[in-house]
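Working notes for the structure below.
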Amino acid sequence: MQPLEDRRALVTGASSGIGAATAIALSRAGAQVVLVARNQVKLDAILRQCPGSSSIVLDVRDSAACESALSGLDLDLVVNNAGMALGVDKLPAGDPAEWSTVIDTNVKGVLHIVHATLPAMIRKGRGDHVILGSVASRQVYPGGNIYCATKHAVRAIYESLRVDTAGSGVRYTTIDPGMVITDFSRVRFRGDTEKARAVYQGVEPLKPEDIADAIVWAVTRPPHVNVGEIVMWASAQASTTSVTRKPT
């Protein structure tokens, strides 16, 4: 295990869920963390659990803002986490405006963070870039059309980075979780907490801390080891469409 002391990490989507848990876990492991999200109040709450860290209010969909805020940072580790889903409509009934929001966040947002932070890592000849994917990058499911498409794109970005910057000294990891209990479903159902709660009914899903633990493990391997892909399922989830639920 390689220590994270004296390493500077950037985590996007750090105000809640997997991003918040990852920022806290990296801080506890010794890293100085830069937390990025759109909501300063929520960021401040997480910052209190990450001594010595800092925050940047930023929308990853804004390429110019990402370049301005992040390109000058001296980073050793980036966790490219920000993402979302909206709706479960079948494709012909979908809302193109919502499609754009999801695509701009999940695909362009990932690219904007890569573009703003990776060149400095390559110049140093070392670093870790972790991308939050999903099992939706591997299997589609009813109503998941646009979200699944974005996560398939994210998987292609991960694979492209590996070949485009081979020999750069930067390690790439994609973490692909299944069902994780966060605000993800509440956002997907446009604030309907009952529908969001039903997603996890009768199931013990993964927790954000489980994903954060996997990230810390991956980035603390010896320099010659690149943990490329981690797929994580709740024990009750056999696939994107097969979940064993206990009676409630």
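List of remarks:
Every residue, every condition in (1) assigned to a loop (DSSP other than H, G, I, E, B); (2) under 19 Å from S137 (Cβ atoms), yes or no:
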{"site": "A23", "(1), (2)": "no, no"}
{"site": "S27", "(1), (2)": "no, no"}
{"site": "G30", "(1), (2)": "yes, no"}
{"site": "D74", "(1), (2)": "yes, no"}
{"site": "A85", "(1), (2)": "yes, yes"}
{"site": "V102", "(1), (2)": "no, yes"}
{"site": "P119", "(1), (2)": "no, no"}
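- Of all residues in region 211-242, those that are without any contact (Cβ under 8 Å) to a residue 40 or more places away in the chain, surrounded by fewer than 16 Cβ atoms within 10 Å (Cβ to Cβ) and under 18 Å from the mean Cα position of the chain (by Cα) total 1.
- For R171, the stated conditions do not hold, so it cannot be described as modelled with pLDDT of 95 or more and part of a loop (DSSP other than H, G, I, E, B).
- Extreme residue, nearest to the chain's Cα centre (by Cα), among residues of region 96-135 that are among the basic types (K, R) and farther than 19 Å from G19 by Cα: R126
- Subset of region 201-220 [of a type outside the set (D, E), under 20 Å from A21 (Cα atoms) and assigned to a loop (DSSP other than H, G, I, E, B)]: P205, K207, T220
- Candidate set from region 113-149 (those that are within 16 Å of V60 (Cβ to Cβ) and hydrophobic (A, V, I, L, M, F, W, C)); member that is surrounded by the most Cβ atoms within 10 Å (Cβ to Cβ): L132
- In region 179-200, the residues that are in contact with a Phe, Trp or Tyr (Cβ under 9 Å, 6 or more places away or on another chain), in a helix (DSSP H, G or I) and within 21 Å of G19 (Cα to Cα): S185, R188, A196, V199
- Residue match in region 166-176 (condition: over 25 Å from A23 (Cα atoms) and surrounded by fewer than 17 Cβ atoms within 10 Å (Cβ to Cβ)): yes
- Close pairs (7 angstrom Cβ cut-off, 6 or more residues apart or separate chains): touching a residue at least 40 places away in the same chain (Cβ under 8 Å) and under 19 Å from T105 (Cα atoms) in region 148-175, assigned to a helix (DSSP H, G or I) and of a type in the set (K, R) anywhere: T174/R155
- Taking the criterion of being surrounded by 21 or more Cβ atoms within 10 Å (Cβ to Cβ) and β-branched (V, I, T), the residues of region 38-80 that qualify are I46, V60, V78, V79.
- Within region 78-98, residues that are more than 30 Å from Q32 (Cβ to Cβ) reach partners that are among the basic types (K, R) and crowded, with 19+ Cβ neighbours inside 10 Å with beta carbons closer than 7 Å, at six or more positions or on different chains, in the pairs A85/R188; L86/R188; G87/R188; V88/R188.
- Looking only at residues of region 82-107 that are small (G, A, S) and more than 19 Å from V57 (Cα to Cα), we find that the one that is surrounded by the most Cβ atoms within 10 Å (Cβ to Cβ) is A85.
The values are calculated or read from the model by the stated rules, or taken from the named source; none is laboratory data. In this text, all values refer to a predicted model and were calculated from it rather than measured experimentally. As a convention, Cβ positions derive from the backbone with ideal geometry for all residues, glycine included, and neighbour counts pool all protein chains shown.
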